[in-house]
Amino acid sequence: MGDLLTPSFGQRSPQLSQSAPLRHSPQLSRGVAADQRPIHAAGHAAGRAAETTARPAARPAALIASEAGGQRAGMPENERLWWRIWSLAPGIGWQRLQCLLASFDTLQDAWGASNHDLETTLARPTRMGQRRFEQLLHYRERVGPEPLYEPASAEQRRRWRGQGLLLSGDAAVPDSLAELDRPPVALYWRGRGSLWPCLRKRQAVAVVGTRRPSRHGEAMARAIGRALAEAGWPVVSGLAEGIDAAAHRGCLEAGGRPVAILGTPLERVYPRHHHDLQAQVARQGLLVSELPSGAPVRAGHFAERNRLQVALSCAVVLVECPSGSGALHSAQLAWQEETPLWVVPGDASRVSAAGSNRWLGQGATPLLEPADLIEQLGPGPLLRQPVRPAPPTGSAAAFRPRATAAEPLLQREAALLAALGSGACLDDLCRRLCLEPGRISERLLQLEVAGVVRSEPGLWWRPC
């Protein structure tokens with residue numbers, strides 16, 4: 001009788017449920033053949049935005065079960081908790097969870113399996129190394145043979161439900177993530193849960209690029225982030241150095257909602273000097289990570305987040321990156337999935353723009369001005385939810401309008417102001433924007449009359 005009350009691994013306790021297995025349909029690849037004819041971003045962006053807007057409304061944020069992302073209809077609570085237990089196990093990802101579900105009736109049965117049965121299921125077919133398998137066994141021994149009762153006790157619920165957590169079967173998880181070849185097993189988040197309905201409908205725009213941009217690239221990313229925020233679009237990026245950070249800062253300055261997909265656990269800040277920026281994104285927007293608290297960080301995690309950035313967005317903007325940059329992976333994913341891809345043209349002589357410029361030759365849409373992107377996308381899902389802008393800093397303060405009437409001009413000339421930076425001559429502006437001197441001079445005159453820029457000797461302009 002004692003064995004029944006204290007089961008060991010490889011034995012089933014009569015107290016444990018005989019609940020139906022948690023099944024997942026085979027995942028369909030969202031990619032298309034690389035040699036298929038791509039969709040031109042300018043012609044496709046409006047259609048994608050309209051399509052996402054026309055979808056049925058997402059479940060209200062109030063149904064995101066007390067900051068933990070409510071359960072999918074028909075999914076018993078214990079099944080969700082078992083998924084949570086297994087998601088924290090060392091070496092267990094989407095593929096191995098599917099192996100467990102295929103070999104055992106439920107994840108609960110898999111937990112109670114013998115070491116030999118687990119090894120047969122995981123170590124050999126999925127090539128789990130001996131060291132990793134021993135870590136899994138140690139985790140199972142530490143958690144214990146019966147971590148859940150049927151039904152779960154209040155203490156067990158508190159232990160395994162987690163805060164700011166979405167699991168694969170939760171209703172708030174975007175369908176676009178479930179359709180990936182390798183969906184995330186769990187998503188840990190911090191910030192405004194009210195943004196999940198937008199992400200479920202892919203009503204966001206990703207801005208990606210190099211960690212070491214030129215001044216023009218960084219200014220352009222900031223202008224794009226600001227323009228998207230002013231139009232009501234959440235801005236998705238990775239909170240990395242360079243283009244990512246510039247896009248997030250521009251979004252924050254305009255009072256927008258940035259969404260940062262991290263390659264680290266939520267409590268880690270990388271790079272370290274982004275501590276204030278990451279905290280501000282958490283307050284005003286959303287932080288998302290696949291990694292649980294305390295998980296070790298590998299270089300591959302930063303590349304793996306690219307698929308999430310693209311899957312959550314209706315368009316991708318590649319600002320500037322060299323050949324071999326990780327941002328090119330995001331561009332490739334967007335291209336394969338026929339997600340509109342915009343590229344900011346860069347100086348052909350700059351190594352930092354070699355990778356992004358190459359996409360222009362492959363059919364990506366050039367983005368000369370942020371206003372062009374907004375014109376194609378239309379108003380975003382947050383346009384009717386104004387928020388108080390964060391105080392402007394640095395060069396953004398120089399472009400603060402002197403009067404409300406200047407707002408349309410600033411938005412229309414965001415690309416020119418980004419190219420101007422802290423000051424530039426006419427020849428530099430012509431080269432950066434690939435425009436005729438007469439056209440740029442006319443636009444500079446309008447900005448000068450509005451008190452936004454001032455001219456200096458030698459055909460030189462600076463922000464006022």
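The values are calculated or read from the model by the stated rules, or taken from the named source; none is laboratory data. Bear in mind the structure is a predicted one, so any value in this text is a computation, not a measurement. With ideal geometry, Cβ positions are generated from the backbone for all residues, glycine too; neighbour counts draw on all protein chains shown.
Checked against the criteria, VAL310 does not count as touching a helix residue (DSSP H, G or I) at 6+ places or on another chain (Cβ under 6 Å), under 18 Å from ARG211 (Cα atoms) and not in a loop (DSSP other than H, G, I, E, B). For the stretch 335-354, filtered to residues that are touching a helix residue (DSSP H, G or I) at 6+ places or on another chain (Cβ under 9 Å) and without any contact (Cβ under 8 Å) to a residue 60 or more places away in the chain, the residue that is nearest to ALA371 (Cα to Cα) is VAL343. Restricting the stretch 418-436 to residues that are part of a loop (DSSP other than H, G, I, E, B) and not aliphatic (A, V, I, L, M) leaves a set whose member that is modelled with the highest pLDDT is GLY423.
State yes or no: is ALA406 surrounded by 16 or more Cβ atoms within 10 Å (Cβ to Cβ), outside any loop (DSSP other than H, G, I, E, B) and at pLDDT below 80? Criteria met by ALA406. Would you check which residues across the stretch 150-185 are among the hydroxyl-bearing types (Ser, Thr, Tyr) and modelled with pLDDT of 90 or more and list them? Within the stretch 150-185, SER176 is the sole residue that qualifies. Check the stretch 229-244 and report whether any residue there is farther than 19 Å from ALA331 by Cα, surrounded by fewer than 19 Cβ atoms within 10 Å (Cβ to Cβ) and more than 15 Å from the chain's Cα centre (by Cα). The answer is no; no qualifying residue exists.
Residues in the stretch 419-464 that are surrounded by 14 or more Cβ atoms within 10 Å (Cβ to Cβ), in contact with a strand residue (DSSP E or B) (Cβ under 7 Å, 6 or more places away or on another chain) and on the phi > 0 side of the Ramachandran plot: 1 in all. From GLY294, GLY326, GLY363, which residue is without any contact (Cβ under 8 Å) to a residue 40 or more places away in the chain and surrounded by fewer than 18 Cβ atoms within 10 Å (Cβ to Cβ)? None of the other options fit; the residue is GLY294.
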